[in-house]
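The values are calculated or read from the model by the stated rules, or taken from the named source; none is laboratory data. Nothing here was measured: the structure is a model prediction, and the numbers come from that model. For neighbour counting, all protein chains shown are included, and Cβ atoms are generated from backbone atoms with ideal geometry for every residue, glycine included. To get the accessible areas, we keep the full protein, side chains included, count just its heavy atoms, and leave off ligands, DNA and RNA. Shrake-Rupley method; radii C 1.70, N 1.55, O 1.52, S 1.80 Å.
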Amino acid sequence: MKRFILAVATILGWAPAAWSAPLAPLTTLRAIHALSNAEASHKLPVAFEATVTYYRGYENNLFVQDSGAAIYVQAPTDAKLVPGDRVLVRGKTLDSFNPIVMSESIALLGHGGLPKPETVSFDEMISARADCRLVTASGVVRTADIASSTTAAAHYFIRLQLLTDGGYFDANIDSDDAGALEGLLDARVELTGVASEEFDAKMHETGILMHIQSLSDVKVIERAGSSPWSLPITPMDRVITVSHLQDSTARVRVHGTITYYQPGSAVVLQDGAKSIWVSTLTYKPLRLGDEADATGFPDAHDGFINLLHGEVRDTLRPAPVMPLPATWETLTPRGYDSPGHHYDLVSIEGEVVTEVHEASQDEYVLAIDGKQFSVIYRHPDGRVPAIREIALGSRVRVTGICVLEYSNPFIAQVPFNILLRSFDDVQVIKRPSLLNVRNLVIMVGLLLVVVAVVGARGWALERKVRQKTAALATSIEAEAALERRSALLEQKRSRILEDISGSKQLNNILEQITEMISLRLDGVPCWCELADGARVGNCPAEPNGMYIASASINARSGPPLGSLLAALPTETPSTAHEIEALSNGARLATLAIETRRLYSDLRRRSEFDLLTDIYNRFSLHKRLDEMIQHAGQRSSIFGLIYIDLDKFKPINDTYGHHVGDVFLQGVAKRMSRQLLGGDMLARLGGDEFAALVSLQRGRFDLDKIVARLESCFDDPFVVEGHVLKGSASIGTAIYPDDGASKDALLNAADANMYAVKKSRRESNNEEATETPQPAVTAKERA
């Protein structure tokens, strides 16, 4: 307190000369944390040591902690800080939600361990008792998305919303790995990071936000029972039938002056620089300017604090709030120094640009210094009052409630609207000048009418000459247009043939064919309907009253591939010209469709194993190259698994190749079910398989996947009455521990697989010659 009194006295010039010396800096986080916002606003010097718990360099966000105290630091520095770094921070205090520090320099002292995170509840975080501290919290993931930074648009991160006992909270994870989102929805996770709050433009708390430094700080405790994308489809009119809510939010009471009242909708109370929106269904009389109490349940709607299910009691004691004279710049927030005036009663001037009158509200658009904003009067009870017309260009002063469009306090120049209480809140200061755009337009219009009348006679005299000239020009133009259209048709046909031979998509080629036919038939609507129900081209929404001409798109063998159609006027039935145009187009469509089908079939044969319908060796090698490149750029890891079936040759020799093929298909299907959606299973040939899997915890994750693959052979395979026991020898390799190149990884996994096979044979005292498994028929089992 002595430091605060000394700082205030110095600022006001009351301090004696002996007090004029610079203040000694605060040297501990506890001392800074103990300041009030009023004390911190005097920019007291600080110089303290602390441990980094979170740092996001591109937003200059830094959280530090020391001896149980933690604080937020605005850190304009190029230092590459990581959690655990010990730093010396010099700067000044600022007031915010809680006191913060604006750093002037940050020196790296060394690297050590992080403080032990505290396990906190929802209540501890929402009450800000864990503000800025390293904590651990858990919840069920409701949303998982990639988001963009509001201050550095080129940077992305993972945004989670979690449900825990007490309510929802948000978490930002410094990673743009979209693959990490797979399987997070509806999973229960444990997060370790820095607890903080979300705010509106006035730095009022609107929710909880955890800052997570990396994906390694996210631990999945319990995965969802099933994927959300495997749920059955719910009809849209039945969605509400599964709604269920448990709300333990406590009711609160606030006090202030009524500055806005929309019966059956909302009341705004203002107390000094603080305002709140109260959603209410009441229609009882409330008087603007009276003191009132409101009770309801706190909620953050669109990032702004308000009360839901509100009830209001008017004390009938006048305590009018004087509207705050404002400009466009003062109403929109600009960081800590100017938080904006959301829900405050303000007064602002501007020039009326336009006005719109609707059944539910009247809206005026005002301009001031080249910037515009809307002034809105909502009709009470839906009753339309007498319209108040204001001449465009008038300068007016409006009084009402300022409503910002965005709640983020760090976005500058946020648009806003002004809500009027009545038409009396609009005062015309200055009428528009007679020399305005509207009057000038009228004068110019009158002059044009005079000029038109004077020139009408001359135009009539020249009409006959122009008609003869136009007829001759039309004939010449028609011939030229015919030549241009023929040349254009030939260009389009050549382009279509080039695209068929190239890699352009089928729908684009078919659309070009319909455009070519439409051009040949003088622009009539033309479209293509394929046998699978797809439609491409310009199909009229209501073809009634038109004659539909068509040509079948015939395949070289088999049923037709579809039809080409054109909508002709009823008075112009199809002729040989239309039939020829459609037939030529149909032949081009046949060529395009069958060429694309052949290309798709060849491409699938090159990437998939024809017997098991999983990826082949070529696809595995291609994917392995991609994963090595991706992992090298992001310093991540993945696993390669080699699988060699044991005693497969005796199955082929004993029961025939058909039984062996069916056995391989069953093995591939079982193993595919043990891998996640982003993982890959491939058949390398014969009885050899391989899998590429993503890893988070290295060997631990890989061993779990191998265990699942080995469990595929616990149950026997029943193939055409034969019961076959199977097993496999599995070898693994991890990038980059076992190899940083494709060949190194393949050799490592292959060597490990053969080592497993050899060890198994030695432990079972098996001989080199394999013995086929005994067969049991369905009749023998019975």
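Observations
- Shape category assigned to region 60-127 from the gyration tensor of Cα positions, a/c cut at 1.5: oblate
- Here region 312-377 is treated as an ellipsoid with the same Cα gyration tensor; its semi-axes, largest first and in whole Å, are 24, 21, 11.
- Sites ARG485 and THR570 - FRET efficiency at Förster radius 35 Å, r taken between beta-carbons, to 0.05: 0.90
- Heavy-atom accessible surface of the chain: percent carbon and sulfur, 1.4 Å: 54 percent
- The candidate values are [x] 2, 11, 18, 23, 22, 14, 6, 2, 1, 0, 0; [y] 3, 11, 16, 14, 11, 10, 9, 8, 7, 6, 4, 2, 0, 0; [z] 2, 9, 12, 13, 15, 16, 14, 10, 6, 2, 1, 0; the one derived from this structure for P(r) over Cα pairs in 10 Å bins from 0, in percent carries the label [z].
- Of VAL756, PHE689, VAL719, farthest towards positive along the dipole that unit charges on Lys, Arg, Asp, Glu beta carbons give region 666-757: VAL719
- Packing-based order for 230-240, 594-604, 279-289, using average beta carbon neighbours within 10 Å, highest first: 279-289, 594-604, 230-240
- When each of the peptides 128-139, 489-500 is scored by how many other beta carbons lie within 10 Å of its residues on average, the order from highest to lowest is 128-139, 489-500.
- Net charge dipole, region 515-668: roughly 500 debye, given to the nearest 20, about the Cα centre with Cβ charges of +1 for Lys and Arg and -1 for Asp and Glu.
- Placing a pseudo-label 7 Å from each Cα along the Cα-to-Cβ vector at ALA456 and ILE376 gives an inter-label distance of 4.9 nm.
- In the chain, the calculated helix contribution to ellipticity at 222 nm averages -9500 deg cm²/dmol per residue, counting -39,500 (n - 2.57) for every DSSP H run with n ≥ 4.
- Protection proxy ranking of 636-646, 94-104 - average other beta-carbon atoms within 10 Å, highest first: 636-646, 94-104
- Euclidean distance of C-alpha centroids, region 644-704 and region 223-273, integer Å: 50 Å
- Prolate/oblate/rounded label for region 160-287 (Cα gyration tensor, a/c 1.5): oblate
- Projected over every direction and averaged, the convex hull enclosing the alpha-carbon atoms of region 509-628 yields 10.4 nm².
- Taken per residue, the accessible surface of region 588-703 reaches 51 Å², heavy atoms only and a 1.4 Å probe.
- The H on the amide N of ALA187, modeled in the peptide plane, is under 5 Å from the matching H of VAL141, ALA224, each at least 5 residues off or on a different chain.
- Entry note, the chain: relative contact order of 5 percent, from Cα contacts under 8 Å with a spacing of 6+ residues.
- For region 265-323, the square roots a ≥ b ≥ c of the C-alpha gyration tensor eigenvalues yield an a/c of 1.5 or more together with a/b not exceeding b/c, which makes the shape oblate.
- Euclidean distance between Cα centres, region 105-162 to region 603-642, Å: 35 Å
- Whole-number accessible area per residue in Å² for region 130-264, which is evaluated in the context of all protein chains at 1.4 Å: 53 Å²
- Rounded FRET efficiency, nearest 0.05, which uses the C-beta distance separating SER600 from ASN538 and R0 of 22 Å: 0.25
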